[in-house]
Amino acid sequence: MRSRHRAAAIRAALTAVERDADTRGWDALPALLGLFDATTHRHQPRIDTDALTIDPAFWWLHAQTIPGMRLPYWVGLKTLTTHLTTAESAPLLTEWARAGQRRLLGMAFLGEGLDTSDAGRRQAAAQGLPTPEEGIPVRAVTACDVDGRHYQILRYRGLDTTTTVVLDDPPARVRATVIPACLRHLLTAARA
């Protein structure tokens with residue numbers, strides 16, 4: 001059932017994740033999160049988040065590939081997804097998802113990067129942010145849920161506000177991008 005109440009609860013949980021990340025500051029390592037049903041009253045859905053434990057060295061290796069240059073964290077997420085969905089590792093993912101008899105409703109990825117898109121430059125410029133040639137630093141929380149929704153919360157470095165998008169039926173061009181595709185693959189594997 002595609003509950004709009006559940007979508008609102010997931011959005012609130014993701015907003016809290018980004019707000020917590022903003023409180024801790026920038027230049028943090030990425031996080032892969034599960035979104036779990038914590039509802040105690042059927043008319044008031046609640047979502048808990050839990051980070052999958054990933055050795056920080058995985059991200060540090062990723063960050064130190066070429067001196068002075070860092071690959072986007074989605075490259076690491078793609079590698080991690082491939083590893084976690086192999087026959088050998090998939091049981092670890094499902095064990096994490098089912099710990100404490102909880103019900104996994106979605107997967108999320110929290111990461112920082114550079115927005116080099118024209119739309120990002122226009123949005124940042126409209127809000128008074130400098131738009132350097134290499135891109136504008138941005139933190140993103142991207143998620144998908146069991147109903148096929150796509151969520152994204154963006155915060156440009158230097159702004160007090162976020163931009164939130166929730167797509168009930170994301171178009172193919174959104175679903176085909178690396179982060180949403182990885183999250184859907186991980187969600188499917190974890191719920192198997």
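Quick look at the numbers
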| item | result |
| --- | --- |
| Test for Ala140: is it in contact (Cβ under 8 Å) with a residue 12 or more places away in the chain, under 24 Å from Asp48 (Cβ atoms) and aliphatic (A, V, I, L, M) | yes |
| Hits in the stretch 1-37 (condition: farther than 19 Å from Arg149 by Cα and in contact (Cβ under 8 Å) with a residue 60 or more places away in the chain) | Ala21, Asp22, Trp26, Asp27, Ala28, Pro30, Ala31 |
| Residue check, Thr49 of a type in the set (Val, Ile, Thr), outside any helix (DSSP H, G or I) and at pLDDT below 95 | no |
| Verdict on Pro91 being out of contact with any Phe, Trp or Tyr (no Cβ under 8 Å at 6 or more places or on another chain) and within 30 Å of Arg46 (Cβ to Cβ) | yes |
| Test for Thr86: is it polar (S, T, N, Q), out of contact with any helix residue (DSSP H, G or I) (no Cβ under 9 Å at 6 or more places or on another chain), outside any strand (DSSP E or B) and open to solvent by 30 Å² or more (accessible area, probe 1.4 Å) | yes |
| The one condition in (1) more than 28 Å from Arg4 (Cβ to Cβ); (2) touching a Cys at 6+ places or on another chain (Cβ under 7 Å) that His150 fails to fulfil | (1) |
| Tabulated pairs, the stretch 162-174, first without any contact (Cβ under 8 Å) to a residue 24 or more places away in the chain, second open to solvent by 50 Å² or more (accessible area, probe 1.4 Å) and in a strand (DSSP E or B), C-beta under 7 angstrom, 6+ apart or interchain | Val165/Gln152 |
| Filter result for Leu80 (at pLDDT 90 or above, assigned to a strand (DSSP E or B) and under 18 Å from Leu104 (Cβ atoms)) | no |
| Set Pro45, Pro56: member being open to solvent by less than 70 Å² (accessible area, probe 1.4 Å), more than 21 Å from Leu183 (Cα to Cα) and out of contact with any Gly (no Cβ under 9 Å at 6 or more places or on another chain) | Pro45 |
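This table checks each residue for (1) of a type outside the set (Val, Ile, Thr); (2) exposed (fewer than 13 other Cβ atoms within 10 Å of the Cβ); (3) closer than 18 Å to Gly106 by Cα.
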residue: Arg4; (1), (2), (3): yes, yes, yes
residue: Val17; (1), (2), (3): no, no, yes
residue: Thr23; (1), (2), (3): no, yes, no
residue: Leu52; (1), (2), (3): yes, no, yes
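The values are calculated or read from the model by the stated rules, or taken from the named source; none is laboratory data. Keep in mind the model is a prediction, meaning the values are calculated, not measured. Because the Cβ atoms are built from the backbone with ideal geometry, glycine has one as well, and the counts that use them run over all protein chains shown. Accessible surface is based on the protein model in full, side chains and every heavy atom, while ligands, DNA and RNA are left aside. Shrake-Rupley method; radii C 1.70, N 1.55, O 1.52, S 1.80 Å.
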